[in-house]
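First the structure, in the form of structure tokens, and then the observations on it.
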Amino acid sequence: MPDGDGPFPTLVTRTIYGLPIAPLGGEPFDSRRTLPDRAADEDEDEDEDGDEDGDDDLDPAEALARGWPLITENGYALVIQNTRGRMGSGGVDRSWLDDRSDGYDLVEWVADQPWSNGRIGIFGDSGLGMTAALAAAAQPPSLDAVFLQAAPADPFGIDMAPEGGGMKVETLLLQGASLAFDVSPGHVAARGIAPAEVPEFVEAIGGYFGALAQGIEDPLSSEVWMAAPLGRSEELARLMPFWSLLADADVLAAYRTELDVRGDILVPTSIVSLWQDSFARSAVALHADLVERGVPTELLVVNGSHYEIDDPRIYPEPRMLSWFDHWLKDAPAPARADVELAVQGEADAFLRADAMADLVAPALVVHLTDDGGMEPRGDGAEGEVVFTSDPADPVPTLGGRNLLAAAGTQDHASLLGRPDIAVFRTAPSTVESWIAGPVVADLTVRTEAPSFDVSARLLEIAPDGTARLVLSHLARVAAASPGETRVTVELGQIVHRVAPGHALALLLAGSDFPAWDRNPQTGGDLFTSGEMRSATLGIVTGGAMPSALAIPLFTAN
């Protein structure tokens with residue numbers, strides 16, 4: 001509660017973790033004043049350099065638990081609830097499948113409390129943002145506004161397991177295994193696990209999670225990551241209903257339906273994402289959905305990856321409190337553009353407008369050529385660039401929009417000589433330019449494999465040979481007919497400056513592991529079978545169905 005007499009406007013968050021977590025929304029904070037026991041030592045915690053507020057030493061990963069004093073000091077009551085089946089809460093943790101109804105119930109309960117004035121906002125980072133979005137999607141009548149940071153809006157339709165696509169195993173395996181650690185005793189009992197079995201479960205799940213976490217640094221040398229079938233843990237399957245989605249198509253379909261909040265949120269929603277976050281794609285999609293339906297919204301995309309979201313140094317200005325002050329306290333609307341997009345990798349550089357359409361450049365379509373080029377106009381003659389994809393020796397992930405594997409714009413120069421990839425390059429740019437908008441590769445692939453993947457990575461090549469990743473994504477053809485197949489890889493949206501003298505390149509491969517699961521190229525999958533085969537993939541250039549890349553490009557003029 002804040003100081004003073006209520007009732008108060010109230011903010012709500014529902015946590016899948018154990019700490020009283022509340023996002024900062026870009027607000028700086030006094031790092032000594034976080035939890036009550038630290039606040040009691042305030043006078044003793046001054047930094048050695050005399051910096052009293054400690055912001056220069058901010059560890060973004062620690063910031064998650066530090067936002068709640070800021071909330072109450074600004075006149076809001078704050079309600080933090082452990083979700084069903086976690087920590088002290090009863091019931092079975094079905095990992096977000098109950099969070100629409102449970103969130104609805106909590107908001108309406110808060111509205112009836114004497115200390116709340118009935119003006120309610122809900123918020124959260126990451127998994128807490130997912131619970132907030134799901135509560136809002138249930139449309140509780142007393143909810144007035146939403147604030148989401150680094151949160152998925154359609155995790156199993158866009159981000160982690162798009163229909164017809166692969167599975168984002170670097171996120172699903174590690175995050176899924178970590179969810180086991182905070183389940184409640186009631187959840188354990190309801191899953192039929194006897195008290196005498198618990199120590200064995202703790203040891204087994206801890207060992208499995210530890211092997212995943214250690215192996216993510218070098219997954220191609222990791223027995224647990226290279227296992228086929230992948231993701232086998234009897235203990236996790238018994239303890240966590242979530243785990244079954246890896247191998248059960250019906251469970252995965254239920255997650256796709258239940259966790260897609262697009263079309264369902266009716267109240268003003270502020271969205272913050274990061275260019276290299278696992279969930280950037282669905283955050284942008286949610287903003288587009290809200291705009292289309294006329295729901296008040298704003299979107300900020302900053303630089304960085306998932307766990308940097310609470311570092312105030314990446315924000316152009318604080319956002320969360322001003323958003324709630326407007327919708328819950330009738331303060332003036334924040335004086336900022338509705339859409340603010342950071343220029344990837346550049347500090348304090350943003351494109352701003354009140355409509356996303358104003359920040360999307362016209363698409364330059366370049367055709368892939370059989371000599372490894374990309375030209376605005378192809379010569380029409382059909383050609384082919386061929387490589388072999390071997391799931392037993394996958395092309396490694398180097399950066400990208402990852403949660404637990406190393407994220408960001410990593411150098412791909414070490415991959416460019418591999419025989420199991422195809423690389424197509426533009427000529428070096430003569431002017432400064434900006435990629436601004438969605439990048440799409442439309443490809444014709446020739447293969448006899450019954451199933452295959454196409455990993456597409458857009459690179460910026462410097463004169464010294466450095467090949468920085470701009471964007472990447474993967475498309476899966478789960479049931480291919482022999483011959484030619486048209487494949488579209490939607491790499492996603494970005495704002496990225498291309499320096500004069502630099503070229504763009506498109507790297508194509510049959511894998512991107514461990515960001516995505518390996519396609520065994522047999523027509524099956526590696527969650528239920530250990531069988532796999534190599535496959536020859538041919539990228540068709542020119543002819544009746546040429547392969548091309550659409551790049552939205554602004555130039556200096």
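Helix 320-329 and the long axis of the chain differ in direction by around 50°, with both axes built from C-alpha atoms. Summarising the amide proton neighbourhood of Gln276: residues at separation of 5 or more, or on other chains, whose placed amide H is nearer than 5 Å comprise Gly304. Solvent-accessible surface of the chain, averaged per residue with a 1.4 angstrom probe and all protein chains in place: 38 square angstrom. Toward the positive end of the charge dipole of the stretch 376-422, with +1 on the Cβ of Lys and Arg and -1 on the Cβ of Asp and Glu, the farthest Cα among Leu404, Ala422, Thr388 is that of Leu404.
Over the stretch 275-415, the pair-distance histogram of Cα-Cα distances with 10 Å bins from zero comes to 9, 26, 30, 21, 10, 4, 0 percent, rounded to whole numbers.
Magnitude of the Cβ-charge dipole of the stretch 215-374, K/R +1 and D/E -1, about the Cα centre, nearest 20 debye?
360
Compactness of the stretch 210-273 is given as radius of gyration and Dmax, 16.9, 48 Å, from Cα positions.
Distance from the Cα centre of the stretch 320-380 to that of the stretch 488-522, in angstrom? The two parts, judged by their Cα centres, are 19 Å apart. Once Lys and Arg get +1 and Asp and Glu get -1 on their Cβ, which of Ala254, Met226, Val302 lies farthest toward the positive end of the dipole of the chain? My answer, from the dipole projection, is Ala254.
Kindly identify the stretch 365-437 as rounded, prolate or oblate by the Cα gyration tensor criterion: order the square roots of the eigenvalues as a ≥ b ≥ c, call it rounded if a/c is under 1.5, otherwise compare a/b with b/c, prolate if a/b is larger, else oblate. Since a/c reaches 1.5 but b/c is at least a/b, the shape of the stretch 365-437 is classed as oblate.
With all protein chains in place and a 1.4 Å probe, the accessible surface of the stretch 104-237 carries 52 percent carbon and sulfur. Stretching the chain fully between Arg232 and Ala556 yields a gain of 111.4 nm (0.36 nm per residue, less the alpha carbon separation). Residue by residue, the stretch 435-444 carries 3J(HN,Hα) couplings of 7, 9, x, x, 9, 9, 9, 10, 10, 10 Hz when phi is fed to the Karplus relation 6.51 cos²θ - 1.76 cosθ + 1.60 (θ = phi - 60°); x denotes Gly or Pro.
With respect to the chain, whose longest principal axis is taken over its alpha-carbon atoms, helix 169-178 is tilted by about 30°. Summing Cβ point charges (Lys, Arg +1; Asp, Glu -1) relative to the Cα centre of the chain gives a dipole of roughly 2200 debye. Just to be sure I follow: if Rg is taken over the C-alpha atoms of the stretch 405-557 and Rh is the Kirkwood radius over the same atoms, what is Rg/Rh? We get a ratio of 0.99 for the stretch 405-557. Here the Debye sum runs over all C-alpha atoms of the stretch 252-297 as equal scatterers in vacuum, and log10 of I(q)/I(0) at q = 0.17, 0.24, 0.28, 0.32 Å⁻¹ comes out as -0.52, -0.90, -1.04, -1.13.
Normalised by 2.2 N^0.38 Å, where N is the number of residues, the C-alpha radius of gyration of the stretch 495-557 stands at 1.67.
Of all DSSP beta bridges confined to the chain, the antiparallel ones make up roughly 65%. Heavy-atom accessible surface of Lys168, to the nearest 10 Å², is about 10 Å², with a 1.4 Å probe and all protein chains retained.
Leu526 exposes around 0 Å² of accessible area when a 1.4 Å probe is run over every protein chain in place. The amide H of Gln344, built 1.01 Å from its N in the peptide plane, has Val495, His496, Arg497 as neighbours under 5 Å, considering only residues 5 or more places off or on other chains. Rg and Dmax of the chain, based on Cα coordinates, read 24.3, 78 Å.
Here's the picture: charge each Lys and Arg Cβ at +1 and each Asp and Glu Cβ at -1 in the chain, and of Ile71, Ala132, Met532 the one pushed furthest to the positive end of that dipole is Met532. Phi angles across the stretch 112-122 convert, under the Karplus curve 6.51 cos²θ - 1.76 cosθ + 1.60 with θ = phi - 60°, into 3J(HN,Hα) values of 8, 7, x, 8, 9, 8, x, 9, 10, x, 10 Hz, Gly and Pro given as x. For the stretch 312-381, what percent of Cα pairs sit more than 15 Å apart? Result: 70 percent of Cα pairs exceed 15 Å. Converting phi to 3J(HN,Hα) with the Karplus coefficients 6.51, -1.76 and 1.60 and the offset θ = phi - 60°, the stretch 473-486 yields 6, 9, 10, 10, 9, 6, 9, 9, 8, x, x, 9, 10, 7 Hz in sequence order, with x at every glycine or proline. Rg/Rh, computed from the Cα trace of the stretch 261-355 with Rh as the Kirkwood radius, has the value 0.95. Equivalent-ellipsoid semi-axes for the stretch 446-504 (Cα gyration tensor, √(5λ), whole Å, largest first): 31, 12, 8.
In the calculated pair-distance distribution of the stretch 276-321, the portion above 11 angstrom amounts to 70 percent of the Cα-Cα pairs.
The values are calculated or read from the model by the stated rules, or taken from the named source; none is laboratory data. In this text, all values refer to a predicted model and were calculated from it rather than measured experimentally. Glycine also receives a Cβ, built like all others from the backbone with ideal geometry; neighbour counts cover every protein chain displayed. Ligands, DNA and RNA are stripped out before the accessible areas are found, and what is left, the full protein with its side chains, is counted by its heavy atoms. Shrake-Rupley method; radii C 1.70, N 1.55, O 1.52, S 1.80 Å.
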